[in-house]
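What follows is a short report on a single structure.
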Amino acid sequence: MLRNWKSWPTPCLLIFFAAALLPARLHGQSFYLHSGDRIAFYGDSITAQRFYTRDIQDFVETRYPTLDVAYHNAGVPGDKVSGGFAGDAEVRVTRDVEPFHPTVITVMLGMNDGDYMPPAPAVFAAYQDGYRKLLALLRAAAPGARITLLENTPYDEITHGTQFAGYMATTVQNAISTPALARSEGLPFVDVCDPVKDLLERARTADPSLAQMLVPERIHPAEPVHWVMAEAVMKAWHMDPVVSSVTIAAASGHVTQSERTRVSAVSSQTDRFSWDQLDEALPLPFNLDNPLMNFVLRISDLAQWDQEMLHVDGLRTGDYELTIDGQKIGSFSAGQLGAGVNLALLETPMWQQARNYDDALAQRSSLEDAAFILMAETHVGDAEQGENVLLQGEQEFEQKARDSLSLKAHHYVLDRIP
């Protein structure tokens with residue numbers, strides 16, 4: 001449970017209570033995904049980590065629980081645009097993408113395509129040529145699929161020493177070439193490199209020891225960093241940053257503003273306010289017990305894209321205890337409640353529901369990974385039968401995850417503390 005806000009450090013308070021940080025709404029821009037879409041994530045080991053891909057699914061499904069979207073991870077460790085140990089690009093696309101019949105494909109490659117050396121023109125030219133050939137293969141395998149190119153993340157020479165001197169420059173070169181490639185191919189792209197690079201720079205200044213944990217071996221981002229990568233995709237795909245937003249006038253007990261939620265049974269008594277609230281979405285399932293996750297939330301704008309805002313105007317001066325469904329959430333001053341409290345970053349029943357969803361996704365991801373290893377890395381005679389069993393397990397956890405998205409009303413109570 002969240003402790004009393006007075007024990008939190010000032011930077012955390014800025015995240016939890018600064019309602020003014022709410023990003024501009026994306027009026028006139030509809031969300032990129034639609035019911036019936038099938039997303040294939042194509043990439044190397046950073047995709048195969050199954051973190052940013054799962055985070056994207058968390059973003060989509062908790063923010064838009066009624067969307068019917070399917071997800072498939074086609075990441076392979078060590079892959080280049082030309083392929084790798086699990087087959088060349090043609091084998092990879094035919095085996096790992098085409099059978100899923102995707103309507104949406106994301107591609108993130110480039111970390112391994114510089115051969116772990118400083119920038120070399122011949123190596124870069126081969127990367128560009130191979131990328132174009134890969135895109136042709138993907139278009140042939142999934143005609144009509146909407147393809148988005150994601151810039152690769154940088155090799156980290158910012159937060160600690162380097163194993164391959166000068167390789168950060170190579171990975172940045174690969175990343176910044178993505179927009180030009182995308183334009184020449186008539187495709188959208190997402191800047192993933194700069195958000196991660198900027199995060200590393202801020203982290204080095206804020207806490208050098210924690211900064212070194214963000215990309216611990218310089219290549220693979222730690223799990224909290226993948227949230228920043230997923231956020232970049234969600235921004236580009238025009239996701240609504242609001243989970244829900246409610247404003248209550250203390251004097252009258254009237255709900256003066258509500259967004260993406262339904263508020264009912266409002267009761268206003270002396271120093272006690274209660275109401276029922278049924279939101280249209282759930283907050284993101286950040287692991288709020290993970291110090292590195294909280295560090296990333298503190299130094300990034302990630303919280304701005306997870307806004308579950310509660311405002312109560314005109315409260316009598318003092319502190320108030322908030323409970324939801326009888327569970328104590330925290331104590332806040334009248335000023336903080338007037339400015340707005342972001343419930344998305346507190347351990348509420350809604351957050352726990354989102355955590356349950358993500359837990360089921362993690363289990364499904366493990367089975368998906370096992371199915372790939374079975375088919376691509378073994379010569380077991382009945383591998384296809386084993387893959388079918390694993391697929392059934394995936395489907396079971398996917399259904400369990402979807403069942404956990406069932407939205408329900410919650411009972412809120414604000415009591416003034418004597």
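Quick one: is Ala360 of a type outside the set (S, T, N, Q), in contact with a Ser or Thr (Cβ under 7 Å, 6 or more places away or on another chain) and modelled with pLDDT under 95?
Details: of a type outside the set (S, T, N, Q): yes; in contact with a Ser or Thr (Cβ under 7 Å, 6 or more places away or on another chain): yes; modelled with pLDDT under 95: yes.
Yes: the conditions hold for Ala360.
If you check Thr153 against the conditions, is it touching a Phe, Trp or Tyr at 6+ places or on another chain (Cβ under 7 Å), buried (at least 20 other Cβ atoms within 10 Å of the Cβ) and not aromatic (Phe, Trp, Tyr)?
Against the criterion (touching a Phe, Trp or Tyr at 6+ places or on another chain (Cβ under 7 Å), buried (at least 20 other Cβ atoms within 10 Å of the Cβ) and not aromatic (Phe, Trp, Tyr)), Thr153 does not qualify.
Find all pairs meeting these conditions: Cβ atoms under 9 angstrom apart; at least six residues apart or on different chains; first residue within the stretch 397-418 and assigned by TED's automatic domain parsing to the domain that holds Ala360 and basic (Lys, Arg); second residue outside any helix (DSSP H, G or I) and surrounded by fewer than 16 Cβ atoms within 10 Å (Cβ to Cβ).
That search, which allows pairs on different chains as well, returns Lys408/Leu278; Arg416/Thr270; Arg416/Asp271; Arg416/Arg272; Arg416/Arg316; Arg416/Gly318; Arg416/Glu321.
So is Gly338 loosely packed, with under 14 Cβ neighbours inside 10 Å and either in contact with a helix residue (DSSP H, G or I) (Cβ under 8 Å, 6 or more places away or on another chain) or farther than 19 Å from Asp58 by Cα (or both) or not? Break it down into steps so the answer makes sense when it comes.
On the way: loosely packed, with under 14 Cβ neighbours inside 10 Å: no; either in contact with a helix residue (DSSP H, G or I) (Cβ under 8 Å, 6 or more places away or on another chain) or farther than 19 Å from Asp58 by Cα (or both): yes.
The answer is no for Gly338.
Can you tell me which residue within the stretch 50-78, out of those that are part of a loop (DSSP other than H, G, I, E, B), over 15 Å from the mean Cα position of the chain (by Cα) and of a type in the set (A, V, I, L, M, F, W, C), is surrounded by the most Cβ atoms within 10 Å (Cβ to Cβ)?
This residue is Val76.
If we scan the stretch 230-253, do we find a residue that is free of Cβ contacts under 8 Å to residues at least 60 places away in the same chain, in the same structural domain as Leu297 (by TED's automatic domain parsing), assigned to a loop (DSSP other than H, G, I, E, B) and more than 24 Å from Leu345 (Cα to Cα)?
yes
Give the residue, chosen from Asp276, Asp325, that is surrounded by fewer than 20 Cβ atoms within 10 Å (Cβ to Cβ) and touching a helix residue (DSSP H, G or I) at 6+ places or on another chain (Cβ under 7 Å). Explain how you work it out, then say what you get.
Values: Asp276 fails: touching a helix residue (DSSP H, G or I) at 6+ places or on another chain (Cβ under 7 Å).
Just a single option satisfies the conditions, and that option is Asp325.
Considering only residues of the stretch 126-173 that are part of a helix (DSSP H, G or I) and touching a Gly at 6+ places or on another chain (Cβ under 8 Å), which is farthest from Pro221 (Cα to Cα)?
That would be Tyr127.
Filter the stretch 341-352 down to the residues that are in a helix (DSSP H, G or I) and surrounded by 20 or more Cβ atoms within 10 Å (Cβ to Cβ) and list them by number.
So in the stretch 341-352, the residues in a helix (DSSP H, G or I) come out as 343-345, 349-352.
Within the stretch 341-352, Leu343, Ala344, Leu345, Met350, Trp351 qualify.
Given the criteria within 15 Å of Gln57 (Cβ to Cβ), surrounded by fewer than 19 Cβ atoms within 10 Å (Cβ to Cβ) and among the acidic types (Asp, Glu), does Asp359 qualify?
Numbers: within 15 Å of Gln57 (Cβ to Cβ): yes; surrounded by fewer than 19 Cβ atoms within 10 Å (Cβ to Cβ): yes; among the acidic types (Asp, Glu): yes.
Judged against the criteria, Asp359 is a match.
Take the residues in the stretch 360-418 that are touching a strand residue (DSSP E or B) at 6+ places or on another chain (Cβ under 8 Å) and β-branched (Val, Ile, Thr), then tell me which one is nearest to Gly87 (Cα to Cα).
Out of the qualifying residues, it is Val413.
Residue check: is Asp113 charged (D, E, K, R), over 24 Å from Val225 (Cβ atoms) and touching a residue at least 24 places away in the same chain (Cβ under 8 Å)? Spell out how you get there, then give the answer.
Details: charged (D, E, K, R): yes; over 24 Å from Val225 (Cβ atoms): no; touching a residue at least 24 places away in the same chain (Cβ under 8 Å): yes.
For Asp113, the condition - charged (D, E, K, R), over 24 Å from Val225 (Cβ atoms) and touching a residue at least 24 places away in the same chain (Cβ under 8 Å) - is not met.
Being surrounded by fewer than 20 Cβ atoms within 10 Å (Cβ to Cβ) and farther than 30 Å from His34 by Cβ narrows it down to one of Ser267, Ser258, so name that one. Don't jump to the end; show me each part of the working.
Details: Ser258 fails: farther than 30 Å from His34 by Cβ.
So the residue among Ser267, Ser258 that is surrounded by fewer than 20 Cβ atoms within 10 Å (Cβ to Cβ) and farther than 30 Å from His34 by Cβ is Ser267.
With respect to Ala303, is the statement that it is touching a His at 6+ places or on another chain (Cβ under 9 Å) and of a type outside the set (Val, Ile, Thr) true?
Numbers: touching a His at 6+ places or on another chain (Cβ under 9 Å): no; of a type outside the set (Val, Ile, Thr): yes.
No; evaluated as a whole, the condition is false for this residue.
Answer with yes or no whether Ser258 is assigned by TED's automatic domain parsing to the domain that holds Pro283 and either touching a strand residue (DSSP E or B) at 6+ places or on another chain (Cβ under 6 Å) or at pLDDT 95 or above (or both). Let's see the steps before the verdict.
On the way: assigned by TED's automatic domain parsing to the domain that holds Pro283: yes; either touching a strand residue (DSSP E or B) at 6+ places or on another chain (Cβ under 6 Å) or at pLDDT 95 or above (or both): yes.
In short, yes.
The values are calculated or read from the model by the stated rules, or taken from the named source; none is laboratory data. As the structure is a prediction and not an experimental result, all values here were calculated from the model. In this analysis, Cβ positions are derived from the backbone assuming ideal geometry, glycine residues included, and neighbour counts consider all displayed protein chains.
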